[in-house]
């Protein structure tokens, strides 16, 4: 990440080291650290070492940065469901692919997914993101319900509650997972499948 | 909750309707709504319709209120592990009792548990609470590891990761559970046991 570390020369207008993606990455980090609402454009420019006009060269507003980050996370999560739907005729196979894929998106796009999970619906950009999250939950709930009808997923847990619990487990990973740490992201996806679908209890019981 | 609703008469000094527990409940709600750090003593007194001296009659400081709320949640969670340990010789039975008991504490003490889950370690009170949370996690991790040695819990998931995932699922409930809503809290505890220990996949597979 091209963070301005304060040890280099003074900030320059239109600092050539920053492209749009790098500005986005730094802004998302600041949003996650201090909260989107509590972050001013001046906070962003001082962290980046950019002038306001240089920042506005990349993005027209603070909410445009938020929108891009949230859409990045949502596009990736929706692509997981699209791909699972295209590939797997059995709903229980689709569910497995979605759990694995969602964990992959979360670990690969940790900052933007973290931002998405903190959205509370303040303003038009957050409201639109919440609507897309809700539509995503409904698609997954329908797949869980279909897998219950197939008889491959137990039907004594309500499909909407089961979906919330599985994604509660997946989303909780943002609290402790750190890229490059001791936990391998692919293994984490398998662990979450083992716990949520197969169950922690030994099958021999 | 003895919330000052603004439609009654003007706030009175030492308003007799408030006892210490009611002041605590309102303060915790305000902390959860706007963040502990962002809440001033003036925010609390204006929400409560109390003078500062009336508030200080109940609590010596804002952090004393935080400490009491966090300890309330932590005491209850630790009591669940203590009781499970006293009652169940088998670690896998202890684990089931802990999952059920933790969901009960979360739904019964939703505001103080919500506050606990948002603690990031700013200041002495939050640091002490984080240490107690960590000790709690370690006790549960040891119980999961013991249940793995008993052969009743699968050992292909690391005990610490399994504990984090189970509590990730449990704790995610604060995001959507509302007392008196459609989801029965006792049933929710059973659902979380079904998903995390038994697994969502039908056992007939």
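Values in this text are rule-based calculations from the coordinates and carry no lab data. Given the structure is predicted, the values throughout are model-derived calculations rather than measurements. Quick reminder, even Gly has a Cβ in these numbers, built from the backbone with ideal geometry, and neighbours come from all protein chains shown.
Taking the radius of gyration and the Kirkwood hydrodynamic radius from Cα positions alone, what is the Rg/Rh ratio for chain B, to two decimal places? Expressed as Rg/Rh, it is 1.05.
Please average, across the residues of A:167-176, the number of beta carbons from any other chain that are within 10 Å of each residue's own beta carbon, and give a whole number. Spell out each step's value before the answer.
On the way: counts 3, 12, 12, 4, 4, 10, 4, 1, 5, 4.
Average per residue, whole number: 6.
Each copy carries residue A:19; placing its label point 7 Å along the C-beta direction from Cα gives inter-copy distances of 6.5 nm, listed from smallest up. Helical content of chain B, expressed as a calculated mean residue ellipticity at 222 nm, amounts to -21000 deg cm²/dmol (DSSP H runs of 4 or more residues, -39,500 (n - 2.57) each, divided by residue number, nearest 500).
Using Cα springs under 10 Å in a Gaussian network model of chain B, which residue among B:117, B:165, B:77 shows the largest mean-square fluctuation? Of B:117, B:165, B:77, the Gaussian network model singles out B:165 as fluctuating most. The same position residue A:121 in the other copies lies at 3.3 nm from this copy, comparing label points 7 Å beyond Cα toward the beta-carbon, shortest first.
Ranked from shortest, the separations from the 7 Å Cα-to-Cβ label point of residue A:88 to its equivalents in the other copies are 3.0 nm. Cα gyration tensor of the protein assembly as shown, axes a ≥ b ≥ c as square roots of the eigenvalues: rounded (a/c below 1.5), prolate (a/b > b/c) or oblate? Taking the square roots of the gyration eigenvalues as a ≥ b ≥ c, the protein assembly as shown is oblate. Panel order for A:56, B:36, B:18, by other beta carbons found within 10 Å of each beta carbon, from fewest to most: A:56, B:18, B:36. By Cβ position, the chain A residue that hugs the axis carrying A onto B most closely, with its distance in whole Å, is A:199, 1. Each listed q (0.18, 0.22 Å⁻¹) maps to a log10 I(q)/I(0) for segment A:71-141, found by the Debye formula over equal Cα scatterers with no solvent: -0.68, -0.95.
By the beta-carbon count within 10 Å of each Cβ, the least crowded to most crowded order of B:52, B:109, fewest first, is B:52, B:109. Compute the angle between helix A:62-87 and the longest alpha-carbon principal axis of chain A, please, reported from 0 to 90 degrees and rounded to the nearest 10. The helix A:62-87 is inclined about 30 degrees to chain A. The long axis of helix B:91-108 is offset from the longest Cα principal axis of chain B by roughly 20 degrees. Rounded, prolate or oblate: which one fits segment B:88-205, using the alpha carbon gyration tensor with axes a ≥ b ≥ c (rounded when a/c is under 1.5, else prolate when a/b beats b/c, else oblate)? Because a/c hits 1.5 or more and a/b fails to exceed b/c, segment B:88-205 counts as oblate. Residue by residue along A:155-161, Cβ atoms of other protein chains within 10 Å of the local Cβ number 5 on average. Under the simplified labelling scheme, the residue B:88-residue B:42 pair shows an inter-label distance of 5.1 nm, with each label point 7 Å from Cα along Cα→Cβ.
What is the order of B:20, B:154, A:164, A:178, fewest Cβ neighbours within 10 Å to most?
Working: B:20 12, B:154 19, A:164 23, A:178 9.
Listed from fewest to most nearby Cβ atoms, that is A:178, B:20, B:154, A:164.
The angle between the Cα long axis of helix A:123-150 and the longest principal axis of the Cα atoms of chain A comes to about 20 degrees, rounded to the nearest 10. Build a GNM of chain A with springs between Cα atoms under 10 Å: which of A:78, A:190, A:175 gets the top mean-square fluctuation? The residue with the greatest mean-square fluctuation here is A:175. Per-residue shielding of A:183-195, expressed as the average number of other chain Cβ atoms within 10 Å of the residue Cβ, stands at 4. The GNM of chain B, with springs linking C-alpha atoms under 10 angstrom apart, assigns the highest mean-square fluctuation among B:86, B:147, B:76 to B:86.
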